[in-house]
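The values are calculated or read from the model by the stated rules, or taken from the named source; none is laboratory data. Everything numeric here is computed off the predicted structure, so don't read it as measured data. Because the Cβ atoms are built from the backbone with ideal geometry, glycine has one as well, and the counts that use them run over all protein chains shown.
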Amino acid sequence: MTPPAVFTGWGSALPSTIVTNRDLEQRLDTSDAWIVERTGIRERHVGGTVADLATEAARNALEQAGTRPEDVDMLILATTTPDETVPHTSSIVHHRLGLGGGAMDVNGACAGFVYALVAAYGSLAVGARRVLVVGADCLSRITDWDDRSTAVIFADGAAAVLIEATGGADPLHGGPGLLSHDLGIDGSAHDLLYCPHGGTLAMDGREIFRRAVRATVESATMALSRAKVAVEEIALFVPHQANLRIIEASCARLGIPPQRTAVVLDRTGNTSAASIPLALCDALGTERIADGDLLLLSGFGAGMSWASAVVRWAS
Ligand code: UT7
């Protein structure tokens, strides 16, 4: 059992350049109608570096929390597009913000943020007081902009949360924090979505779609069962933002209505590790989350990896 913990701050960062479906129509054999109907995406943000976006999102989270950077014990940066092979991008973010404690990158692709979140609660369990968890990706850098099967989907962004240990009841007895998680991977399918060094993303979209729905439903169901929580008790489902049809199919099978689901991909595209925290921050910005709410987070992506968590929100 991880200790009770609250979210004291959160923040996001998106590049200022917006690429609309109409922009893509000008340079690719595609259409706004096809992209909206097949993916739900209308526009996406493109540009910057992972370090820039992650720093901005993390700074926003620290400012909201009113926490001094040196009082952070750990930075965990989920990214599948590190700015350089060496060093890990979190070292640059750590330096720019003047954080205390350690820093590490987690590469779990689109499931990366939930992997990082679980690792953050683990850090609290071994004595950390405050952990900064950031999801940040710049997929535009590894996308072939002449390939309509990937160029219409992938984009850039970052979002961060600051988690702080607190006293009182543990999460399974009404306290805030992590009630359960489910992490998994099927590495035999690693070649369905890949990018070699110096290359661009290649993807078997149809097969990933099929697996995404199945893995999301199975993993979310496992997390709910471990938390002993009925799906009706979930105030907000925050899924990976890859394709609106994947989200809708998963929600239909899980029995979660659209009004209890966070969707941001129409404005952001698929930002991999940033997608779940971006959707979370968007829901917080529109006051769809209140203290005591149970959240179900679920990610799926390259690897093929998946990760789900049930969290009781308190700020
Ligand atoms: O982040 C996690 C990893 N990624 C994912 O989760 C992605 C999962 N997959 C998907 O989201 C969908 O499979 C895509 C959005 C990538 C593709 O949608 P789809 O409905 O599965 O299309 P498809 O690949 O089955 O292609 C259907 C048709 C094909 O034409 P024909 O063979 O029927 O004539 C494609 O060539 O649509 C064509 N097509 C396009 N047409 C217009 C593919 N991309 C485009 C495009 N614009 N951008």
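Points to keep in mind about this one:
- The requirement of being more than 16 Å from the ligand (Cβ to nearest atom), under 19 Å from the mean Cα position of the chain (by Cα) and either over 15 Å from Glu164 (Cβ atoms) or not polar (S, T, N, Q) (or both) is satisfied by Asn60.
- Among residues that are among the aromatic types (Phe, Trp, Tyr), closer than 23 Å to His240 by Cβ, over 20 Å from the mean Cα position of the chain (by Cα) and not assigned by TED's automatic domain parsing to the domain that holds Ser180, Trp10 is not included.
- Checking Arg206 against (1) free of Cβ contacts under 8 Å to residues at least 40 places away in the same chain; (2) buried (at least 16 other Cβ atoms within 10 Å of the Cβ), the condition it does not meet: (2)
- Just one of the listed residues (Arg27, Arg42) is outside the structural domain of Pro277 (by TED's automatic domain parsing) and more than 13 Å from the ligand (Cβ to nearest atom), namely Arg42.
- Of the residues making up the stretch 209-243, those that are under 20 Å from the mean Cα position of the chain (by Cα), surrounded by fewer than 22 Cβ atoms within 10 Å (Cβ to Cβ) and more than 15 Å from the ligand (Cβ to nearest atom) are Glu218, Thr221, Met222, Ala235.
- Within the stretch 244-252, at least one residue is more than 20 Å from Pro176 (Cα to Cα), more than 16 Å from the ligand (Cβ to nearest atom), at pLDDT 95 or above and outside the structural domain of Ala78 (by TED's automatic domain parsing).
- The lone criterion from (1) in contact (Cβ under 8 Å) with a residue 40 or more places away in the chain; (2) surrounded by 22 or more Cβ atoms within 10 Å (Cβ to Cβ); (3) touching a strand residue (DSSP E or B) at 6+ places or on another chain (Cβ under 6 Å) left unmet by Ile41 is number (3).
- Given (1) under 23 Å from Ser140 (Cα atoms); (2) without any contact (Cβ under 8 Å) to a residue 60 or more places away in the chain; (3) out of contact with any Leu (no Cβ under 6 Å at 6 or more places or on another chain), index of the condition Val264 fails: (3)
- Identification of strands (runs of 3 or more DSSP E) wholly contained in the stretch 134-252 with 2 or more residues that are touching a helix residue (DSSP H, G or I) at 6+ places or on another chain (Cβ under 7 Å) and hydroxyl-bearing (Ser, Thr, Tyr) yields no element.
- Considering the stretch 257-314, the residues that are of a type in the set (Ser, Thr, Tyr) and touching a strand residue (DSSP E or B) at 6+ places or on another chain (Cβ under 8 Å) include one that is surrounded by the most Cβ atoms within 10 Å (Cβ to Cβ), namely Thr271.
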